[in-house]
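A short worksheet on the structure shown next.
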Amino acid sequence: MLSATGVAPELESCTTPLNGLEAEDGGTHWFGAPHAAFSTGDLDPGRPGEALGQMVPAGALQTALDRVAGETRGLDWRRGGRFSGMVTGPAGAELKLESGESLRAGLVAACDGIHSSVRNSLGIRTEGRDYGKSVFAADVALDRPHHGIARQLFTPEGPFATLPLPGNRANLAWYMKSGAAETLAKLPKAEIEAELNARFAAFAGQMTLDGPPLSYPLVMQIAETMVGPRTALLGDAARRINPLAGQGLNLGFKDAAALMDVMTEARETGLDPGSDVVLARYREWRRFDSAATAMAMDLIDRTFSNDNVLLKPLRGLALMAANRVAPLRRALARQASADQDHLPSLMR
Ligand SMILES: Cc1cc2nc3c(=O)[nH]c(=O)nc-3n(C[C@H](O)[C@H](O)[C@H](O)COP(=O)(O)OP(=O)(O)OC[C@H]3O[C@@H](n4cnc5c(N)ncnc54)[C@H](O)[C@@H]3O)c2cc1C
């Protein structure tokens, strides 16, 4: 999709191909630590050597998207304009910006994040779960090569993951109890490094901070519907999932590409792209993927983030099966790399 929209060339210098995924159960097991590993060979055999995914730093992606959007002919780009309210009617929507300006639109594509003001102004409720956890995140330099492999260690408190970045650096995410990630992120650099290395050097190698430490509360939130009058919700405005497998942004991209297909079809058949019937098609297309991915991430988090005596052998078996049963391996690798059927045209 990024290639099709002309954004990918801007990101070449900072993109790291994902050559493999490794997951290890860090709980205590009498039969050793079960693990699963996926490589590029688990994708379609007809596409040898194709990466499982691409690691792109969010800041670089945002800059590239902004630049391409700003240069796109026919697109009236009002960077920094903030939505403050809207009125919808049969002919369209009238949006108000905080600057006092008004805009008219046939369809509003609301991608204003987890606290979406557009969603709230339409009274669309959300359901979800507060995990009582936060994620500590930071870029680190590693003392050993990562070979483009993303690695995840499931501990009873939650996962610890390293995602490969250029130059033997990695982005790490450590799930902790609420408050602990926020406290850790505020400590001096040397104390953070001491804590990380004491817990995870054996798994990840020696780590040195290479960017500002951050913390995020961990929540799952799903809007009860992805559409309203003259409005489609996209990205985190529609759902915020557990970032466990790095699928949140991918879901948002699929929303955007699906909405484009639905609007194009509507135009071709003479329908109003912002009408209820067209929006219903978008909702039906995206609803299942959205809820299923949110639930799958939630299930994995619940299954692995504990020391339950009944769950431990089961999850050991699940990891062993993922490692040894070829069709299951292929299905999981394809799911993780967004290589699925029924993709919108921009993604094909
Ligand atoms: C710790 C963590 C790690 C993650 N890792 C990954 C990963 O590896 N891979 C992945 O795919 N996803 C990952 N995600 C998820 C990903 O970050 C989100 O799914 C993605 O950023 C959502 O994009 P969005 O555009 O919908 O929302 P956002 O990125 O939140 O953007 C919303 C935008 O709307 C703007 N806005 C808000 N209110 C208004 C208003 N009133 N008027 C105008 N503009 C407004 C904001 O300024 C912002 O620019 C991670 C998330 C977390 C928390």
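The values are calculated or read from the model by the stated rules, or taken from the named source; none is laboratory data. This structure is a prediction, so every number in the text was calculated from the model and none was measured. With ideal geometry, Cβ positions are generated from the backbone for all residues, glycine too; neighbour counts draw on all protein chains shown.
The figures follow:
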quantity: Condition met for residue 150 (within 14 Å of the ligand (Cβ to nearest atom), at pLDDT 95 or above and surrounded by 16 or more Cβ atoms within 10 Å (Cβ to Cβ)); calculated: no
quantity: Checklist (1) modelled with pLDDT of 95 or more; (2) under 27 Å from residue 182 (Cβ atoms); (3) crowded, with 20+ Cβ neighbours inside 10 Å applied to residue 124, failing item; calculated: (2)
quantity: Search result, residues across the range 224-235 that are aliphatic (A, V, I, L, M), away from the ligand (no atom under 12 Å from the Cβ) and either modelled with pLDDT under 95 or not in a strand (DSSP E or B) (or both); calculated: 226
quantity: Single match in 170, 93 (criterion: touching a Leu at 6+ places or on another chain (Cβ under 9 Å) and within 24 Å of residue 60 (Cα to Cα)); calculated: 170
quantity: Subset of the range 165-175 (residues that are touching a residue at least 40 places away in the same chain (Cβ under 8 Å) and within 16 Å of the chain's Cα centre (by Cα)); calculated: 171, 173, 175
quantity: Given (1) more than 23 Å from residue 124 (Cβ to Cβ); (2) modelled with pLDDT of 95 or more; (3) out of contact with any helix residue (DSSP H, G or I) (no Cβ under 9 Å at 6 or more places or on another chain); (4) in a helix (DSSP H, G or I), number of the condition residue 280 does not satisfy; calculated: (1)
quantity: Selected residue [within 16 Å of the ligand (Cβ to nearest atom) and either at pLDDT 95 or above or farther than 30 Å from residue 141 by Cβ (or both)] from 206, 221; calculated: 221
quantity: Residues of the range 284-306 that turn out to be surrounded by fewer than 17 Cβ atoms within 10 Å (Cβ to Cβ), among the acidic types (Asp, Glu) and under 17 Å from residue 24 (Cα atoms), as a count; calculated: 0
quantity: Tally, over the range 153-186, of residues that are modelled with pLDDT of 90 or more and closer than 30 Å to residue 238 by Cβ; calculated: 20
quantity: Those residues of the range 236-250 which are modelled with pLDDT under 85 and within 6 Å of the ligand (Cβ to nearest atom), in sequence order; calculated: 243, 246, 247
quantity: Qualifying residue in the range 199-211 (condition: of a type outside the set (Asp, Glu) and within 25 Å of residue 291 (Cα to Cα)); calculated: no
quantity: Flag for residue 217 being surrounded by fewer than 17 Cβ atoms within 10 Å (Cβ to Cβ) and part of a strand (DSSP E or B); calculated: yes
quantity: Residue check for residue 62: under 24 Å from the mean Cα position of the chain (by Cα), over 24 Å from residue 222 (Cβ atoms), modelled with pLDDT of 85 or more and part of a strand (DSSP E or B); calculated: no
quantity: Residue in the range 98-117 that is nearest to the ligand (Cβ to nearest atom), counting only those that are in contact with a Gly (Cβ under 9 Å, 6 or more places away or on another chain) and within 24 Å of residue 271 (Cα to Cα); calculated: 111
quantity: Residue within the range 265-272 that is assigned to a loop (DSSP other than H, G, I, E, B), touching a helix residue (DSSP H, G or I) at 6+ places or on another chain (Cβ under 9 Å) and under 22 Å from residue 104 (Cα atoms) present; calculated: yes
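For (1) touching a Pro at 6+ places or on another chain (Cβ under 8 Å); (2) surrounded by fewer than 16 Cβ atoms within 10 Å (Cβ to Cβ); (3) among the small types (Gly, Ala, Ser), each residue gets a yes or a no:
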| position | (1), (2), (3) |
| --- | --- |
| 79 | no, yes, no |
| 99 | no, yes, yes |
| 118 | no, no, no |
| 163 | no, no, no |
